[in-house]
Amino acid sequence: MEGRHARGEDDRLPPGQYIPRGRPVIHYGRVPAFKPQTWNFSVSGATASGRERVFTWPEFAALERETLIADLHCVTKFSIMGMEWRGVPARVLMELVPPSPQARHVMLWGEYGYSANIRMSDFAATLFALELDEKPLTPERGFPVRAVVPHLYGWKSVKWLRAVEYMVEDRRGFWEERGYHNIGDPWREQRYSYQEEPGEGPP
Ligand SMILES: Nc1nc2c(c(=O)[nH]1)N[C@H]1C(S)=C(S)[C@@H](COP(=O)(O)O)O[C@H]1N2
Ligand SMILES: [Mo]
């Protein structure tokens, strides 16, 4: 059943989506434990320097944060409206670890090898969220860090994020390899890989 819609939310609902009661949590597999001593965050692949940069937990937690209000559209058709995230914008990471000019794509890596590929232009709009509603993320929302790619389907918003890999050539992530659309724009209902037009996916 659909929940109550706040003013303006209907215009923000992509085709085929509905607003559920509450704010569902959804993911594949179990919630990982956070071990601050060994946790790190790596930026690798096609960096401008050719080197990988690894942040410890204190280093990552000290980076500049911004607030982003975004709607989360799960491909299973529920949309959670107006989530207030706070975290490190991709711009800050890109200044600290610039990608090579040849890098056009990014793989977001979570714990256990969950991954999602996005274009560099999507990456530029991504937030590395550490907080939801002015509180640290809960474990099931992705504590300590998750990606929020506000304009693409929810599977691209990788929880328990551990690494960013800049890529010259595109590669498919976890769900993109399992029949989901390489780009995943909810406004175009890009749900499944069979809908991909030439040029929208890796060869
Ligand atoms: N690491 C990881 N991140 C993940 C997933 C997952 O299975 N593993 N599921 C994705 C999917 S399909 C969606 S819709 C959102 C759901 O975010 P939520 O649980 O905060 O609502 O997380 C995404 N991030
Ligand atoms: Mo999803």
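We did not get these values from a lab; they are worked out from the coordinates using the rules stated. The structure displayed is predicted, hence computed values, not measured ones. Positions of Cβ are backbone-derived with ideal geometry, glycine not excepted, and every protein chain shown enters the neighbour counts.
Quick notes on this structure:
- Eigen-decomposition of the gyration tensor built on the alpha-carbon atoms of the stretch 132-182 gives equivalent ellipsoid semi-axes of 23, 13, 10 angstrom, largest listed first.
- Ordering Tyr112, Val148, Phe60 by the projection of their Cα atoms onto the charge dipole of the chain, which places +1 on the Cβ of Lys and Arg and -1 on the Cβ of Asp and Glu, puts Tyr112 at the extreme positive end.
- Placing unit charges on the Cβ atoms only, positive for Lys and Arg and negative for Asp and Glu, gives the chain a dipole magnitude near 500 debye about its Cα centre.
- Using the alpha carbons alone, the radius of gyration of the chain stands to its Kirkwood radius in an Rg to Rh ratio of 0.95.
- Rounded to the nearest 0.05, the FRET efficiency derived from the C-beta distance between Gln102 and Val31 at R0 = 41 Å is 0.65.
- Dipole of the chain [Lys/Arg +1, Asp/Glu -1 at C-beta], most positive-end residue of Ala124, Pro24, Thr47: Pro24
- FRET efficiency for the Ala62 to Ser121 pair, using the beta carbon distance and R₀ = 35 Å, is estimated at 0.80.
- About the Cα centre, charge dipole magnitude for the stretch 13-106 (Lys/Arg +1, Asp/Glu -1 at Cβ), debye: 320 debye
- Length-normalised contact order for the stretch 48-169 - Cα pairs under 8 Å, 6+ apart - percent: 27 percent
- Backbone amide hydrogens, once placed in the peptide plane, bring Arg162 within less than 5 Å of Trp109, Gly110, Glu111, excluding anything fewer than 5 places away on its chain.
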